[in-house]
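A.B. asks: Structure in structure tokens, see below.
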Amino acid sequence: MRRIATAASLVVTALWFGSDPAWAEGPDPERAADEVPPAALDPRRIPEDAGAPKAAPSADLEYVVQEGDTLAGIAEEKLGSSEKWELLAQANGIDDPRTLRVGQKLTIPPSGS
């Protein structure tokens, strides 16, 4: 009975890892570079950049008001919908959307906010 269990274990192992024992020799140089190494899938692994400071916000998150701009127009361009103008107003402490000034810098919030 023990031989059958051992043989079954070998068959399962061969099916799992492939019949070629080359898997035990390390990475295959022919393997696609974009494949995820098994170690990266380990849930206990701590990413190398876990403690790294976050990048500064990109320039796309700020907008300088131009002549003729409205919050609705800026929302349409930057957030995909003119109906999101209130997000812009709230993110920039604007109580009255008619008070926009040319040259005023607006923070563009994430569109899902």
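A.B. asks: If each residue's Cβ is checked for other Cβ atoms within 10 Å, how do Glu76, Glu67 rank with the fewest at the top?
C.D. replies: Details: Glu76 15, Glu67 6.
Taking fewest neighbouring Cβ atoms as first place, the list is Glu67, Glu76.
A.B. asks: For each of Arg98, Arg44, count neighbouring Cβ atoms within 10 Å of the residue's Cβ, then give the residues from fewest to most.
C.D. replies: Numbers: Arg98 7, Arg44 4.
Going from sparsest to densest Cβ surroundings: Arg44, Arg98.
Bear in mind that the values in this text are calculations on the coordinates, not laboratory data. Model, not experiment: these values are computed from the prediction. Neighbour counts run over all protein chains shown; Cβ positions are idealised from the backbone, glycine included.
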